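Working notes, structure below.
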Amino acid sequence: MKNLIVLFILCFALGCNTVEKNKLAALTGNNLQAVGFLNQSVYLPAGFQPVHKEDNEAAAEYLANFDANSVLFVDRQNGVNSITFMPADYTKLSKPLINYYVNDLERHFAKEGLAMQRLEAKMLRYGSAEIIKIKYLQALEEAQAYITQYVVSHDLETYIILVRHQENQDFLAILKSNFNV
């Protein structure tokens, strides 16, 4: 019986170590950045730095479209790549809500004359967190960009993470590691 207990403890300890190693692997090459309204710092890819509307006219114009507490991070290597964190009113997310949300979003795109091709729209659950992930390809005359929006509801808070990137990269691993979802 003692051997069984020792084996259980050893397996548990090794399993926890594996989880921690996997979390660290997801964070390699990332830097901690403060997101004020979340009252925490988050890991973002190296090179993404905060841009303050007071210091940058283009950032001020962009952030004027969002809540005053929104935070913008821009890739120093490629200014087209950005990650924006936006607070939102708490919403209990569900699969039926995805269709309503996507349809509303696409009506907005059409009204603005934006050519967006939907690549993905799905509901994710990690622990008590609910996440709607919507990904689009935006084809512009000079280039294309992948736009991914994560709507996250966790601990009675809802916020949106908007990722714009020229490469088809998925930032879900960073999201999971940051918010323990």
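At-a-glance table
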quantity	calculated
Where Leu114 falls short, out of the listed (1) of a type outside the set (Gly, Ala, Ser); (2) out of contact with any Ser or Thr (no Cβ under 7 Å at 6 or more places or on another chain); (3) crowded, with 17+ Cβ neighbours inside 10 Å; (4) more than 21 Å from Leu175 (Cα to Cα)	(3)
Members of the range 52-111 that are hydroxyl-bearing (Ser, Thr, Tyr), open to solvent by 30 Å² or more (accessible area, probe 1.4 Å) and either in contact with a strand residue (DSSP E or B) (Cβ under 7 Å, 6 or more places away or on another chain) or in a loop (DSSP other than H, G, I, E, B) (or both)	Tyr62, Tyr90, Thr91, Ser94, Tyr101
Any pair with Cβ under 8 angstrom, 6 or more apart, that starts in the range 129-149 at a residue that is open to solvent by less than 10 Å² (accessible area, probe 1.4 Å) and ends at one that is in a loop (DSSP other than H, G, I, E, B)	Ala129/Val181; Ile131/Leu93; Ile131/Val181; Ile132/Leu93; Ala145/Val80; Ala145/Gln166; Thr148/Asp170; Thr148/Phe171
Residue check for Gln149: more than 16 Å from the chain's Cα centre (by Cα) and either among the acidic types (Asp, Glu) or part of a strand (DSSP E or B) (or both)	no
Failed item, numbered, when Pro96 is tested on (1) farther than 20 Å from Asp170 by Cβ; (2) modelled with pLDDT of 90 or more	(2)
Long-range neighbours under 7 Å by Cβ, at least six apart or interchain, first residue over 18 Å from Leu72 (Cα atoms) and open to solvent by less than 20 Å² (accessible area, probe 1.4 Å) within the range 159-181, second assigned to a helix (DSSP H, G or I) and modelled with pLDDT under 90	Ser177/Lys23; Ser177/Ala26; Ser177/Leu27
Residue list for the range 112-130, restricted to those being farther than 20 Å from Glu157 by Cβ and in a loop (DSSP other than H, G, I, E, B)	Gly113, Leu114, Ala115
Unmet criterion (only one of (1) assigned to a strand (DSSP E or B); (2) closer than 24 Å to His52 by Cα) for Ile174	(1)
Qualifying residue in the range 133-140 (condition: farther than 23 Å from Lys176 by Cβ, at pLDDT below 90, assigned to a loop (DSSP other than H, G, I, E, B) and not basic (Lys, Arg))	yes
Hey, Asn30 polar (S, T, N, Q), under 24 Å from Ile131 (Cβ atoms) and without any contact (Cβ under 8 Å) to a residue 40 or more places away in the chain or not	no
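The values are calculated or read from the model by the stated rules, or taken from the named source; none is laboratory data. The structure displayed is predicted, hence computed values, not measured ones. Glycine also receives a Cβ, built like all others from the backbone with ideal geometry; neighbour counts cover every protein chain displayed. What goes into the accessible areas is simple: the full protein's heavy atoms, side chains included, and nothing from ligands, DNA or RNA. Shrake-Rupley method; radii C 1.70, N 1.55, O 1.52, S 1.80 Å.
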